[in-house]
Protein chains: 2
Amino acid sequence: MTETLVPVFAALGDETRWSILSALGEGDASASALAGRLPVTRQAIAKHLGVLQEVGLVEPVRVGREVRYRVVGSELAATARRLDAVGALWDRRLAAIKEIAEGL
Amino acid sequence: MTETLVPVFAALGDETRWSILSALGEGDASASALAGRLPVTRQAIAKHLGVLQEVGLVEPVRVGREVRYRVVGSELAATARRLDAVGALWDRRLAAIKEIAEGL
DNA sequence: CGGATGTGCAACTCTAAGGTTGCATTAAGC
DNA sequence: GCTTAATGCAACCTTAGAGTTGCACATCCG
């Protein structure tokens, strides 16, 4: 269940990728366009877009000779749900332990 | 807003740390105890517990001469909520763009 | 057609992170 | 008090990844 989850978190665990996602949040853009706004090279951005695409957080769209990228918001939401599910599991266990500890 | 979020994701973006969290899910345990169950050294586990504690995902509890660690489920849930909020933002923007694109 | 503009691929550097071994230290327990 | 088990700290190795430069290829446009 979590084997597909971990790479998503690894992808989200990088400051630069968040700024890319944030920039894409204001409108789809190509790697070159993003390179104009961010303090890194186009190739670095291309790599980041690669890993983001790999985990389904971003989607490429060919527009003429350029490749624009779009944020896949639903993937973010899905990840949040799965994370919440795990958290709920642990909370339930903690509650159960608490009951036991209180002598119930 | 996201500056405290990224390290949490970085912490969750490691397979070993998930197995530690998973093991802790079945009951609080010390680094030495975990070393018995996982295919890594106690010191490696200690480091991982350090970064997990750093981002608030885990909490140390002294029991005699040993230090047991407990999962903080609420932090997981909080992270999930924040992530969901971001996803919702992007979804809303995408919906707005779709409306515009459809000539509304 | 020819020059911009945009992508893709490859090699290279450098640092941080995961992991190890080794030793010092602290605290139970007999 | 002395042994034993647990933790803490430090140095070290090794690899993955973030970033760069450089060049080749494709594609739009005047």
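The values are calculated or read from the model by the stated rules, or taken from the named source; none is laboratory data. The model shown is predicted, which means the values in this text are computed figures rather than measured ones. Note: ideal-geometry Cβ built from the backbone for every residue, glycine included; neighbour counts use all protein chains shown. Areas reflect the complete protein model, heavy atoms only, side chains present, ligands, DNA and RNA absent. Shrake-Rupley method; radii C 1.70, N 1.55, O 1.52, S 1.80 Å.
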*Helix hunt in chain B: which complete DSSP H runs extend at least 30 Å axially by C-alpha with mean Kyte-Doolittle at least -1.0?*
B:73-101
_Between B:Thr16 and B:Glu66, what is the label-point separation in nm under the 7 Å Cα-to-beta-carbon projection?_
2.1
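Among all stretches of chain A without exposed GluC sites (Glu not before Pro) (DSSP loop, at most 16 other Cβ atoms within 10 Å), which one is longest?
My reading of the result: A:27-101 is the longest stretch.
Averaged across orientations, what area in nm² does the convex hull of the alpha carbons in the stretch A:5-101 project?
Values: hull surface 28.9 nm².
Projected over every direction and averaged, the Cα hull of the stretch A:5-101 covers 7.2 nm².
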*asked:* Under 8 Å for C-alpha pairs, at least 6 residues apart: give me the relative contact order for the stretch B:5-101, rounded to a whole percent.
replied: 25
*Placing +1 at every Lys and Arg Cβ and -1 at every Asp and Glu Cβ, with all other atoms neutral, what dipole size does the stretch A:5-101 have around its Cα centre, in debye to the nearest 20?*
140
*Label point distance in nm, A:Thr4-B:Arg42, each placed 7 Å from Cα along Cα→Cβ*: 4.0
_Gaussian network model of chain B, Cα within-10 Å springs - most flexible of B:Thr16, B:Thr41, B:Thr79_ = B:Thr41
*Give me the accessible area per residue for chain A, probe 1.4 Å, as a whole number in Å².*
55
